[in-house]
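First the structure, in the form of structure tokens, and then the observations on it.
Read-outs: derived from the displayed coordinates by stated rules, not from any lab. Keep in mind it's a predicted model, so treat the numbers as computed, not measured. Cβ coordinates were reconstructed from backbone atoms using ideal geometry, including for glycine residues, and neighbour counts include every protein chain displayed.
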Amino acid sequence: MSKVRVYQFGKYDVRTDEMCTSRRWGTIEAIREIGGSEFGPGLEVDKFAVEAPESDMPGLTKRGFDPHKLVGFQKSVKA
């Protein structure tokens, strides 16, 4: 399976007048498309993580995604 690098990112919240950390991870392209700012070195994950049916935005993971839980035993199967 092919890999993709995803990053945590922040986006300005006009309601609170603060930068907020997203509950998603995303590719550089997707983060820039929505006007966010990536931070950290990023992590390589299976490309399926940003193409999964639960991810409603191309290039972003589903909400609450934790790439650290993906290490080790296989967590999903792509048909």
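Annotation: amide H-H contacts under 5 Å for W25 (H modelled 1.01 Å from N, sequence separation of 5 or more, or interchain): T61, F65. A simple spin-label model places the labels of K69 and Y12 3.3 nm from each other, with each point 7 Å out along Cα-to-Cβ.
Computed from phi, the 3J(HN,Hα) profile of the range 34-50 under the Karplus parametrisation 6.51, -1.76, 1.60 (θ = phi - 60°) reads 9, x, x, 10, 7, 8, x, x, x, 9, 7, 9, 4, 4, 4, 4, 9 Hz, with x in place of Gly and Pro.
Once R0 is set to 30 Å, what does the formula 1/(1 + (r/R0)^6) return for the Cβ-Cβ distance between R23 and S2, expressed as a FRET efficiency to the nearest 0.05? Don't skip to the answer; put the middle values down first.
Numbers: r = 25 Å, r/R0 = 0.82.
Efficiency for this residue pair is about 0.75.
Here the simple spin-label model places points 7 Å from the Cα toward Cβ, and for M57 and R32 these points are separated by 1.6 nm.
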